[in-house]
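To start, the structure itself, in structure tokens.
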Amino acid sequence: MYIKMNARGRQLSKYENLKAFIEKDSAISKDISLLRRIDTNWSDYFFDPKNISKFDLRGCNFLHYATLFFRLENDNGIIDNKEIIAPNHSINDFYEPLRNIDNIKLLDRAIELFEKFKNEKCMQKYQPSFFNKDKLGYVDICYFFSILFYVKENENIEAISIESLRDYQRVCRHFIENHRLDKPEPVESFFRLFRHLSKGCNNIYEFLSQNPNHTFHSNIYKLEVKKAKLILESRRLNTEWEAILNKTSEHRILVGWVDYLLDFSDEKFEFEEYIYNKDTYKNPKLEQFKQYAELTTTITLTF
């Protein structure tokens, strides 16, 4: 393909040059099946007949921010913040992680995941338009890292349970959306958080219940642990905890941040002592919480 295009006098796009750079690796160049998927499945994913001009941008952003992911892995979680901000690097050793066949196979599985679950609500974010921007914002970078970690832990995309994927994405969304993320520094911390969470990505609530502490985003982490235990109880005893917690999760303002509602619903709650005793509230009452949650969601609909 590259020879024909050069013969016609057309300058290769950056995305095509990146693919050529990747294919110089001997292991990748010998994997004919992988090369075929890059040229077909990847191209099909990035191509939009209504917006052809975005094809190269989508491919470049996908590979650039994937490179950041791999560099964070290789460099023990340290990268230059400038690398996060703008994907305008020359094609050089910066992109060396893309010459690792295991990394390219991970990205190939990511494309497969995006296509397989493209109609699922939890995966709507990863439509090709996700990569349309001149550069991804910090929030989008964190979402991308979260799903790459999920793919890393799931080598067989066909065997993935949509329920486990929904649960994992819901928890990751709570962490991301309930952080300001207005500067690049937290991106590396989110990377380490998702690396931790991904170890239990196929049963995230059980993982949280068994791993109740984390230093980054600790308030939300404690809240997710508390909710995980209630959801596991809900599934075991067939109660309504999961349904009402999921409703607050989908609320555009709350996005699952309901620690105060859980506290208010506790059987020992006393308003006058709340500031001193909030860490002691461990037994929220379902019916009380449902009332507070319904009232809060109704009031905030007007915002």
Q) Dividing the alpha-carbon Rg of the range 157-303 by 2.2 N^0.38 Å yields what? A) 1.07
(Q) Leaving out ligands and nucleic acids, and using a 1.4 Å probe, what accessible area per residue does the range 26-148 come to in Å²? (A) 45
(Q) Quick check on the chain: what does the Kirkwood estimate of hydrodynamic radius come out to from the alpha carbon pairs, in Å? (A) 21.2
Q) Of ASP93, ASP167, ASP140, which has the largest mean-square fluctuation in a 10 Å C-alpha GNM of the chain? A) ASP93
Q) ASP266's amide H: which non-local residues (gap 5+, or another chain) put their own amide H closer than 5 Å, with H modeled 1.01 Å from N in plane and none for Pro or chain starts? A) LYS285
**Q.** Cα-based radius of gyration of the range 113-189 once divided by 2.2 N^0.38 Å, which approximates compact folds
**A.** 1.12
Q) On the accessible surface of the range 1-140, probed at 1.4 Å, how many percent belong to carbon and sulfur atoms? A) 48
Q. How large is the helix-only mean residue ellipticity at 222 nm for the chain, computed as the sum of -39500 (n - 2.57) over DSSP H runs with n ≥ 4, divided by its residue count, in deg cm²/dmol to the nearest 500?
A. -17500 deg cm²/dmol
(Q) Given a 1.4 angstrom probe, what's the average accessible area per residue across the range 189-283, in square angstrom? (A) 54
Q.
Which of LEU237, LEU208, LEU35 ends up with the largest GNM mean-square fluctuation for the chain, with Cα atoms connected below 10 Å?
A. LEU237
Q: Could you check the simple spin-label distance between GLU158 and ASN203, using points 7 Å along Cα→Cβ, in nm with one decimal?
A: 2.5
Q. For the chain, list the DSSP H helices whose alpha carbon atoms reach 18 Å or more along the long axis and whose average Kyte-Doolittle value is -0.5 or above?
A. 55-74, 101-116, 138-152, 185-198, 218-237, 286-300
(Q) Report, in listed order, any pair from LYS14/LYS82; LYS14/LYS54; LYS54/LYS183 with a Cα-Cα distance greater than 22 Å. (A) LYS54/LYS183
Q) Where the centre of each part is set by its Cα atoms, how far does the range 124-169 sit from the range 51-84, in angstrom? A) 14
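The values are calculated or read from the model by the stated rules, or taken from the named source; none is laboratory data. All values derive from a computational prediction rather than experimental measurement. All Cβ positions, glycine included, derive from the backbone under ideal geometry; neighbour counts span all protein chains shown. Each accessible area value is taken on the protein alone, full model and side chains, heavy atoms only, with ligands, DNA and RNA left out. Shrake-Rupley method; radii C 1.70, N 1.55, O 1.52, S 1.80 Å.
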